[in-house]
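Remarks on the structure that follows.
The values are calculated or read from the model by the stated rules, or taken from the named source; none is laboratory data. Fair warning: this is a prediction, and the values are worked out from it, not measured in the lab. Please note: Cβ atoms are built from the backbone with ideal geometry, for glycine as well, and neighbour counts cover all protein chains shown. In case anyone asks, the SASA skips ligands and DNA or RNA and just uses the protein heavy atoms, side chains included. Shrake-Rupley method; radii C 1.70, N 1.55, O 1.52, S 1.80 Å.
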Amino acid sequence: MTNTNQIAVPEQSAQSSGGNDVGGHDRPTSLAAMISMTNLGAMTMLLTPALVAGYISSGSIDQAQASSLTATELTGMSAAVILTSILISRIDRRRFLAFGLMIAALGHLSSALVPTYHLLIASRAVAGFGIGITYAIAVAAVSRTRTPDRNFGLAITTNQLTVTLILWILSWLSVSKGYSGTMYVLLAVTLLTACTIGWFPREASQSNSPGITSRAKRSTSGVAGMLGLIGMFLFLIGIGGVWPFVAEIALAHGIPSDAVAYALTMAGFGGIVGGLLVSLIGLRFGRTLPIILGTLAMATTMLALRVVSDRVDLAICASLIMMFWIFSIPYYLGVLSSADSEGRFAMLSSAAMPFGLAAGQAIASGLDADKNFSMQVLVSSLVLLVALGMALASARMTGKIAAQ
């Protein structure tokens, strides 16, 4: 086996040696349960525009208050992710998962019923906290599968399809006239997700399995995990420096707003293709090669935005950016999974994602006061290269540890 494959598949070799399936994580029903739990976190992040529109359309909440509601929910989610990552090795994951689902359901229900804005913002914080617990434990569980990269790709694809379905349901039910109906839909999704908790894998006691414990220790590296986490954070900063400004970049190049809407719609399909590619490829070519190709392709496509001239160019660039974004993320998560057998770094990355996107947007806004956008695209592409270097360094370190 070549050194590249040693670097690329430390997690796979650590968990598949001897045919052990720790806690039954790789059973189809367990994988389905884990992926369904990640849907709740994805909904919180991806449904934000729809939630803001619902809050404002109620007539009693202005734009600033609506933004505060979604920000509060995301903050509660991030706080729960960090807390769960600290406690993950000392808790019964299935019971804590049930607690998170109950808190999330109560948050959605109370959000639909509370009469005042202040109670609503408290309810959204509660819902976000419960979702954060659920999402963190689900991510940690996926990271313990034999092929976390492939399974994260499958999860992300499922997340996008689920959010698309929910948006269609919301449109069909015409609940955009207020937020209460949206909260009942989210409550229903949460309760349906809770029905899969019986399939969620139980944690096997590793104290009775010296071989598994030894392998877990060898696959754990705090330095490698921090490098991988910084790499993930920088990757999201690079994306945040460009993606939120795609519409402005298009308008600066004389491309009309209707072409921007078309390009963003096509980008959604690009994301689905990216997730499916990861699901199909998995670790067939290792982990290092897909990270290199995905990140470099993303940086190149971002640079191409500087020369877009019509709706076709814009649609191609937007679709490719989303495709390589979704394609790369599972492999970055795979690097983090291999650095810590408990999945703590993979969990922390889910808290770092929204912060990275926000930081990238803030940095880019400061760079491009003249609205030329060339500088922010160039800087964001360079940040992606630094992120790639961090991820490769992390993968090399965990590869050496796993080989000991």
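Below, the figures for the structure above:
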read-out	value
Filter result (modelled with pLDDT under 85, polar (S, T, N, Q) and in contact with a Gly (Cβ under 8 Å, 6 or more places away or on another chain)) within segment 28-70	Thr44, Ser57, Ser58
Some residue of segment 62-72 being outside any helix (DSSP H, G or I), without any contact (Cβ under 8 Å) to a residue 12 or more places away in the chain and open to solvent by 40 Å² or more (accessible area, probe 1.4 Å)	yes
Top-ranked residue of segment 82-135 - restricted to ones that are among the charged types (D, E, K, R) and in contact with an Asp or Glu (Cβ under 7 Å, 6 or more places away or on another chain), ranked as nearest to His25 (Cα to Cα)	Arg93
Selected residue (criterion: most open to solvent (accessible area, probe 1.4 Å)) from residues of segment 83-95 that are over 21 Å from the mean Cα position of the chain (by Cα) and free of Cβ contacts under 8 Å to residues at least 60 places away in the same chain	Arg95
Residue ID - nearest to Pro330 (Cα to Cα), chosen from residues in segment 286-299 that are in contact with a helix residue (DSSP H, G or I) (Cβ under 8 Å, 6 or more places away or on another chain) and without any contact (Cβ under 8 Å) to a residue 40 or more places away in the chain	Gly294
Complete set of residues in segment 266-281 that are crowded, with 21+ Cβ neighbours inside 10 Å and under 23 Å from Leu392 (Cα atoms)	Gly274, Gly275, Val278
Which listed residue, of Ala402, Ala352, is surrounded by 19 or more Cβ atoms within 10 Å (Cβ to Cβ), modelled with pLDDT of 75 or more and not aromatic (Phe, Trp, Tyr)	Ala352
In segment 36-46, the residues that are out of contact with any Phe, Trp or Tyr (no Cβ under 7 Å at 6 or more places or on another chain) and more than 14 Å from Met347 (Cα to Cα)	Ser36, Asn39, Met43, Thr44, Met45, Leu46
Close pairs from segment 45-59: first of a type in the set (A, V, I, L, M, F, W, C), partner surrounded by fewer than 18 Cβ atoms within 10 Å (Cβ to Cβ), Cβ under 8 Å, at least 6 apart	Leu47/Leu167; Ala50/Leu167; Ala50/Ser176; Val52/Gln63; Val52/Ser67; Ala53/Ser176; Ile56/Asp62; Ile56/Gln63
Residue pairs meeting the criteria (Cβ under 6 Å; at least 6 apart or on separate chains; first farther than 21 Å from Leu46 by Cβ, in segment 336-359; second β-branched (Val, Ile, Thr) and open to solvent by 10 Å² or more (accessible area, probe 1.4 Å))	Asp340/Thr220; Ser341/Thr220
Any hit, segment 334-346, residues being open to solvent by 40 Å² or more (accessible area, probe 1.4 Å), modelled with pLDDT under 80, among the basic types (Lys, Arg) and assigned to a helix (DSSP H, G or I)	yes
Inter-residue pairs, beta-carbon under 7 Å, first more than 19 Å from Pro290 (Cα to Cα) and in a helix (DSSP H, G or I) and in segment 129-156, second acidic (Asp, Glu) and open to solvent by 10 Å² or more (accessible area, probe 1.4 Å), 6+ apart	Ala140/Glu342
Tabulated pairs, segment 362-379, first on the phi < 0 side of the Ramachandran plot and open to solvent by 60 Å² or more (accessible area, probe 1.4 Å), second charged (D, E, K, R) and at pLDDT below 75, C-beta under 6 angstrom, 6+ apart or interchain	Met375/Asp368
Candidates Ala112, Ala104, Ala80, filtered to the one that is in a helix (DSSP H, G or I), open to solvent by less than 10 Å² (accessible area, probe 1.4 Å), closer than 17 Å to Thr182 by Cα and of a type in the set (A, V, I, L, M, F, W, C)	Ala104
Residue match in segment 312-321 (condition: of a type in the set (A, V, I, L, M), crowded, with 17+ Cβ neighbours inside 10 Å and outside any helix (DSSP H, G or I))	no
Among (1) of a type in the set (A, V, I, L, M, F, W, C); (2) crowded, with 23+ Cβ neighbours inside 10 Å; (3) touching a residue at least 60 places away in the same chain (Cβ under 8 Å), the one test that Phe324 misses	(3)
Arg124 vs. criteria surrounded by fewer than 24 Cβ atoms within 10 Å (Cβ to Cβ), among the charged types (D, E, K, R), more than 22 Å from Cys195 (Cα to Cα) and touching a residue at least 40 places away in the same chain (Cβ under 8 Å)	no
